[in-house]
Structure formats: structure tokens, C-alpha cells
Amino acid sequence: MIQRQLEQVEEKQRQLEERGVAVEKALRGEADYWGESNDSEELDLHLGVMGRQDDPALMQQWFKLVQQKNCLMRYESELMIFARELELEDRQSRLQQELRERMAVDDHLKGEAELAEEKLILGEMLEVVEQRDALVSLLEEQRLQESQEDRDLEAIMLSRGLGLHNWA
């Protein structure tokens with residue numbers, strides 16, 4: 001499921017990249033329109049209207065594309081973290097099961113090697129828990145950074161006199 005979602009994100013990013021290149025060309029005055037975009041009627045509606053470097057609607061569209069690309073990149077990052085979390089969860093579950101099986105035998109019946117193996121398993125479990133905690137911290141850190149990036153982009157837009165309507 002995660003792999004399928006990652007593939008969808010990759011395709012959407014490719015589409016946004018193509019649209020972004022066309023908008024950037026129009027902003028630089030290198031094109032009178034955004035190209036042959038068959039995947040968006042919205043783009044086709046603006047083909048003849050936009051093409052001036054100072055066009056606020058074109059700038060608005062460019063900022064909207066940047067915002068959409070940022071959202072996709074964030075979603076992709078969250079999917080990757082989620083996939084890693086599932087791997088760690090599975091590993092922790094297997095380690096817990098193995099430890100339960102080993103602990104079902106009384107300690108006085110175990111040799112030194114078996115007791116040492118239990119300690120190793122406990123150490124691995126602790127490492128997995130620490131990695132999962134690190135993922136949670138990473139996700140929180142990313143969300144704070146994303147929030148700051150959104151505020152920065154909003155400030156840039158407002159400084160250029162562009163409104164925030166039509167933002168996803």
C-alpha cells in the first residue's frame with residue numbers, strides 16, 4: 001500500500017514539475033503559454049492570458065505549484081517514515097516473541113550462552129524502541145520546519161501582493 005502511494009506521489013510530482021517548468025518559462029517571458037497540458041483544464045483556461053513576467057495570476061499559479069510540490073514532498077517523507085516505523089514495529093514484535101519463548105524456560109535450566117542471547121535480544125529491543133522514538137522526533141521536527149516554510153512562503157506571497165485564495 002505504501003509503495004503504491006509512493007508511486008502515485010512520484011507521478012504527481014512529475015506532473016507538477018512539468019507544469020512548474022512551463023510557468024517558469026512564462027514568467028521569464030520565454031513562452032506565451034504553459035505548453036500542451038492535457039491533464040488540467042485549469043491550465044488550458046489560462047493559456048492565452050498569461051505570459052507576461054509581471055502577471056499576478058501567473059505568479060499566484062507558480063506559488064500554488066510550489067505549495068503543492070511542498071505538500072507532496074512532505075507526504076512522501078511521511079510515507080517513508082511510516083514504512084520505516086512498520087519495519088521497526090515488525091522487528092520489535094518478532095524480538096518480543098523470541099524473548100517470550102526463551103523466557104518460558106526457567107533460568108536455572110539455561111546455560112551461559114542462552115542467558116547471553118536473552119541479553120542480546122533485550123539490547124536489540126531497546127535499540128528498536130530508540131529508533132522508533134527517533135522517528136517520532138524526526139516527524140515532529142519536520143512538521144515544525146514545514147510550518148515555518150509555509151509561513152515564509154506566505155510572507156513572500158503577501159510581500160508581492162498576492163492573496164492566499166485558492167490554496168489547497
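The values are calculated or read from the model by the stated rules, or taken from the named source; none is laboratory data. As the structure is a prediction and not an experimental result, all values here were calculated from the model. Positions of Cβ are backbone-derived with ideal geometry, glycine not excepted, and every protein chain shown enters the neighbour counts. In case anyone asks, the SASA skips ligands and DNA or RNA and just uses the protein heavy atoms, side chains included. Shrake-Rupley method; radii C 1.70, N 1.55, O 1.52, S 1.80 Å.
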Is it true that Gly51 is touching an Asp or Glu at 6+ places or on another chain (Cβ under 6 Å) and at pLDDT below 85?
yes
Selection from region 76-134 of residues among the basic types (Lys, Arg) and either in contact with a His (Cβ under 6 Å, 6 or more places away or on another chain) or not in a helix (DSSP H, G or I) (or both) yields Lys110
Suppose we filter Glu85, Glu76, Glu98, Glu141 for residues that are open to solvent by 70 Å² or more (accessible area, probe 1.4 Å) and either out of contact with any Pro (no Cβ under 9 Å at 6 or more places or on another chain) or not acidic (Asp, Glu) (or both); which single one remains?
Glu141
Taking Glu146 as the residue in question, decide whether it is open to solvent by less than 100 Å² (accessible area, probe 1.4 Å), in a helix (DSSP H, G or I) and modelled with pLDDT under 95.
yes
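Suppose we keep only residues that are basic (Lys, Arg) and farther than 27 Å from Met1 by Cβ within region 81-133. Which one would you say is farthest from the chain's Cα centre (by Cα)? Step through it out loud before you land on a result.
So in region 81-133, the residues basic (Lys, Arg) come out as 84, 91, 94, 100, 102, 110, 119, 132.
Cutting the leftovers down to farther than 27 Å from Met1 by Cβ gives us 100, 102, 110, 119.
On the way: Arg100: 37, Arg102: 40, Lys110: 47, Lys119: 37 Å.
Within region 81-133, the match that is farthest from the chain's Cα centre (by Cα) is Lys110.
Suppose we filter region 89-100 for residues that are touching a residue at least 24 places away in the same chain (Cβ under 8 Å) and among the basic types (Lys, Arg); how many remain? Explain how you work it out, then say what you get.
First pass over region 89-100, keeping only residues touching a residue at least 24 places away in the same chain (Cβ under 8 Å): 89, 91-92, 95-96, 99.
Checking which are among the basic types (Lys, Arg) leaves us with 91.
Total satisfying the criteria: 1.
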Of the residues in region 101-137, those that are open to solvent by 70 Å² or more (accessible area, probe 1.4 Å), in contact (Cβ under 8 Å) with a residue 12 or more places away in the chain and within 15 Å of Arg84 (Cα to Cα) come to none
Cβ pairs under 9 Å, 6+ apart, first in region 64-88 and within 11 Å of Val9 (Cα to Cα), second assigned to a helix (DSSP H, G or I) and β-branched (Val, Ile, Thr):
Leu72/Val9; Met73/Val9; Tyr75/Val9; Glu76/Val9; Leu79/Ile2; Leu79/Val9
